[in-house]
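Working notes for the structure below.
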Amino acid sequence: MDVLRPVVRPYAWGSVDAIAELTGRPVPAPGPEAELWMGAHPGAPSGVDRDGMDGAGGRRTTLDEVIAADPDRELGPGCVARFGPRLPFLLKVLSAAQALSIQVHPSRAQAQAGFLAETERGLAPGDPARNYTDDWPKPELLYALTPFEVLAGLRSPADAAQFLRALGVLGVGPLTPLAAKLEAATSPQVLADVLATILSWPSPADPAKPSHPAQLALVGDVVAACAQLAAGGGPYSAAAAAAVRIAADHPGDLGVVASLLLRHAVLEPGQAVFLAAGGLHAYLNGTGIELLANSDNVVRAGLTGKHLDVPELLALLDPSVEVPVLTPRTLVDGIAWFDTPAPEFRLYLVDPVGNTVALPGEGPRILLCTEGSAVLRSESGQEAEIGRGGSCFVAAADGTVTCTGQAHLFLAAPGPNP
């Protein structure tokens, strides 16, 4: 077992308090802290101290280096056979103070094809014009630690049309014919066509960038209508208020208009959403635990200054993907889990409440403590203690590991082998 030194990712949309407070550092932080990464992703692998504590005969390394040195020991032969010599998941704390991009993630086949195509076109690793930084999929689960506002999955065509009519902006830009198209729809695929029209308005030459007067006028009129609808109450008032806040974070961005097509929800603490390949989404505000396949493949279409690729997003988009709100299932006393189909990961909640429990899952595991403290013991007698904000990597070779303490922990493991 190895206590980890996670890596803070200072993206501009991050908060200045949640991650710093969780990890026991001064609040507010000097700048935005968007994500805390616990894993072996090559972009920001967690630190590990091996052979004793650093400064006392030990040496500092990173988890990806530890795994590369002995994949069978760290991951287990079964995990290596399924995923190769790569930790299949990445565990994060995510804290959003501003809206993230409208985005979609690829399937494994799409990621492999996209990564190969961009490599053959001569795009170097790290090139900001890349959509695909690797050839892995990126399904993900977001668990709310605080109330967490999301746009997750597309509305039905009828619901989207009703929202536009409730806004009273049908005389603005392309919205009148789009509402009629949605009302006449017999398939959710029409949502992709409507999304394409919005994101390329008034011309497909430079999508999702506020450079055309007609585009700015469209966004301005929609935001004004959303403000009025939000003040009046009704079934769409919360989604309309969200659009106003998004516009404050991303003024003039056509993603504000596109956001009206997505389902709006506020997760309560303890709830989660699972994003499969092809599911359109944007995280808006809140702090949560994110567990995902070990990839950073994101294709974006708005609400960001990063690389946009609307045609590629539309090619990946599956309008039929539903994004239900999930609650955990009890496995045994003190342990619950989320039933998700991703083979790369499964999320468990561990609450030993003073008892000793055997950790669930097989192969490599990572634990994060968000309340209290816990002591982990392996079959060999090795012990590791983690307190609030602390995390630990459990190698496959550690075998059965028990946990004791008054603590609330999140445990990431590979999904079960079918």
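The values are calculated or read from the model by the stated rules, or taken from the named source; none is laboratory data. Since this is a predicted model, take the numbers as computed values, not measurements. Cβ atoms come from the backbone with ideal geometry, glycine included; neighbour counts cover every protein chain shown. To get the accessible areas, we keep the full protein, side chains included, count just its heavy atoms, and leave off ligands, DNA and RNA. Shrake-Rupley method; radii C 1.70, N 1.55, O 1.52, S 1.80 Å.
Filtered by the rule that a residue be within 30 Å of Pro269 (Cβ to Cβ) and without any contact (Cβ under 8 Å) to a residue 60 or more places away in the chain, segment 119-158 gives a lone residue, Ser156. Within segment 129-150, if we keep just the residues that are among the polar types (S, T, N, Q) and surrounded by fewer than 21 Cβ atoms within 10 Å (Cβ to Cβ), the residue that is modelled with the lowest pLDDT turns out to be Thr133. Residue-level check: of (1) closer than 28 Å to Val299 by Cβ; (2) open to solvent by 60 Å² or more (accessible area, probe 1.4 Å); (3) at pLDDT below 90, Gly168 misses just (1). For Ser259, the conditions (1) open to solvent by 30 Å² or more (accessible area, probe 1.4 Å); (2) part of a helix (DSSP H, G or I); (3) hydroxyl-bearing (Ser, Thr, Tyr) are fulfilled apart from (1). Taken residue by residue, segment 175-191 has no member that is within 30 Å of Leu90 (Cα to Cα), open to solvent by 10 Å² or more (accessible area, probe 1.4 Å) and not in a loop (DSSP other than H, G, I, E, B).
Of the strands (runs of 3 or more DSSP E) lying entirely inside segment 324-418, not one contains at least 2 residues that are at positive phi, surrounded by 18 or more Cβ atoms within 10 Å (Cβ to Cβ) and touching a residue at least 40 places away in the same chain (Cβ under 8 Å). Contact map, segment 10-33: residues that are within 16 Å of Gly288 (Cα to Cα) and open to solvent by less than 30 Å² (accessible area, probe 1.4 Å) paired with residues that are part of a loop (DSSP other than H, G, I, E, B) and of a type in the set (A, V, I, L, M, F, W, C), Cβ distance under 7 Å, separation 6+ or inter-chain. Pairs shown: Gly14/Ala34; Gly14/Ala97; Ser15/Ala97; Ala20/Val27; Ala20/Ala29; Glu33/Val16. Of all the numbered requirements in (1) under 23 Å from Arg108 (Cβ atoms); (2) open to solvent by 20 Å² or more (accessible area, probe 1.4 Å); (3) among the hydroxyl-bearing types (Ser, Thr, Tyr), Ser295 misses one, and that requirement is (2). Kindly evaluate Gly305 against the criterion of being closer than 22 Å to Gly255 by Cα and either open to solvent by 60 Å² or more (accessible area, probe 1.4 Å) or among the hydroxyl-bearing types (Ser, Thr, Tyr) (or both). So Gly305 fits the description; yes.
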